[in-house]
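Written below as structure tokens is the structure these notes are about.
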Amino acid sequence: MLVHRALCQSWLSQVTYRFHANIASRHIQPNQRFWQPPVRHFHAQRTRSSNIKPNVGEPATDGNSVPVNNVIKAVAFTGAFSVGCFAGATIMEYENTRSMIISKAKQARFGWFQNRSIADRDSWWQLKQDVRRFWDSLSPGDKTFAPILVANLLAFGLWRVPALRTTMLTYFTSNPAARIVCWPMFLSTFSHYSVMHIFANMYVLHSFSNAAVLSLGKEQFMAVYLSAGVFSSLMSVLYKAGTKHPGMSLGASGAIMTVLAYVCAQYPETQLSILFLPTVTFSAGAAIKVIMGIDFAGCVMGWKFFDHAAHLGGAMFGIFWAHYGSQLWAKRISLLNYYHELRRTKQK
């Protein structure tokens, strides 16, 4: 853990030196069998000279104040984005179910013809079939994890392009004092600067995603994951505004903490162990209580090294959804019926 902390401190210094900005990262490194407390670094704004010209992503005000309008925008964006995510997940669920039914019907009706023409297929068709078989062999969690991984890798690659660094700082880091507040709250949840950062977060997400997807379904999981990422960013914005310590942050740990907390709340008796110390075991329920206690203490005591508010917000979202999510998700039926009627009307 000391080595991990030293690496994270080195990373923060590197980013601060290169960009003359302060970026808070989010790191989590457990899995369902092995556990290490999640961390997200918080670095407050410092007053220092910069070679970067002012742009729309830089703080809109002097000092440590956060404009009230930015807080209002963040709250409104979180609400609208979350509603949009769950509405989109409902429509996606309908379309996926419809496509599956149509595919099964076509296979039952024309399967004999397809089998007779297999010999006439070329090598390109055979390659597509191999890729499809490989995709079908993946678990539901792996299928849901794959597009999230691709999005994170793409953002990670953009950080490596020097010409895009100002753009990445503007849109892929969340800062409540910046002129652009809303979309960075979402885009920053796919943004990682260092290899250690993205590896740790994706490792944890992959470890817990299968259990969460099997419990929620892929559509509901995606809605929860995306909404939780923005909600954790909102908690960070509110905390920074309340304490008057704005700063930049990025990483997926807020959303990952939601997945982690949801699985721990749903399966509290699952045994976890510390990474590299597999003989030390404890229950998932106890682990999430301890880590939330640490983050709560960090918020109260004003610890600056980690962004405890985002961690705590993500964990709270996950526990809330574990207890009340099924009731809220059931309310989508009215939207499903409306969309079904709308789609049937357009087909006439």
From the list Ser227, Ser232, Ser207, Ser249, which one is open to solvent by less than 40 Å² (accessible area, probe 1.4 Å), touching a residue at least 40 places away in the same chain (Cβ under 8 Å) and out of contact with any helix residue (DSSP H, G or I) (no Cβ under 8 Å at 6 or more places or on another chain)? Ser207
When you scan segment 176-276 for helices (runs of 4 or more DSSP H) that lie fully inside it, which ones turn up with 1 or more residues that are closer than 15 Å to Asp307 by Cα, modelled with pLDDT of 95 or more and in contact with a Cys (Cβ under 9 Å, 6 or more places away or on another chain)? 218-243
Looking only at residues that are under 21 Å from Thr281 (Cβ atoms) and of a type in the set (Gly, Ala, Ser) in segment 233-271, which one is farthest from the chain's Cα centre (by Cα)? Ala265
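Return yes or no: is Leu187 in contact with a helix residue (DSSP H, G or I) (Cβ under 7 Å, 6 or more places away or on another chain) and closer than 20 Å to Ser233 by Cα?
Details: in contact with a helix residue (DSSP H, G or I) (Cβ under 7 Å, 6 or more places away or on another chain): yes; closer than 20 Å to Ser233 by Cα: yes.
Here the answer is yes, as Leu187 does meet what is asked.
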In contact (Cβ under 8 Å) with a residue 24 or more places away in the chain, more than 22 Å from Val230 (Cβ to Cβ), surrounded by 13 or more Cβ atoms within 10 Å (Cβ to Cβ) and not aromatic (Phe, Trp, Tyr): does that describe Ile294? yes
In segment 134-173, which residue that is out of contact with any Leu (no Cβ under 9 Å at 6 or more places or on another chain) and aromatic (Phe, Trp, Tyr) is least open to solvent (accessible area, probe 1.4 Å)? Trp159
Filtered residue count, segment 299-329, keeping only those that are in a helix (DSSP H, G or I) and in contact with a strand residue (DSSP E or B) (Cβ under 6 Å, 6 or more places away or on another chain): 2
List pairs: first in segment 78-90 and closer than 18 Å to Leu336 by Cβ, second surrounded by fewer than 19 Cβ atoms within 10 Å (Cβ to Cβ) and of a type outside the set (Val, Ile, Thr), Cβ under 7 Å, 6+ apart or cross-chain? Ala87/Leu335; Thr90/Leu335; Thr90/Leu336
Of the candidates Tyr338, Tyr324, the one satisfying the condition of being free of Cβ contacts under 8 Å to residues at least 60 places away in the same chain and closer than 22 Å to Pro268 by Cα is Tyr324
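The values are calculated or read from the model by the stated rules, or taken from the named source; none is laboratory data. What you see is a predicted model, and the numbers here were worked out from it, not measured in a lab. We place every Cβ from the backbone using ideal geometry, glycine too, and count neighbours over all the protein chains shown. For accessibility, only protein heavy atoms count, side chains too; no ligands or nucleic acids. Shrake-Rupley method; radii C 1.70, N 1.55, O 1.52, S 1.80 Å.
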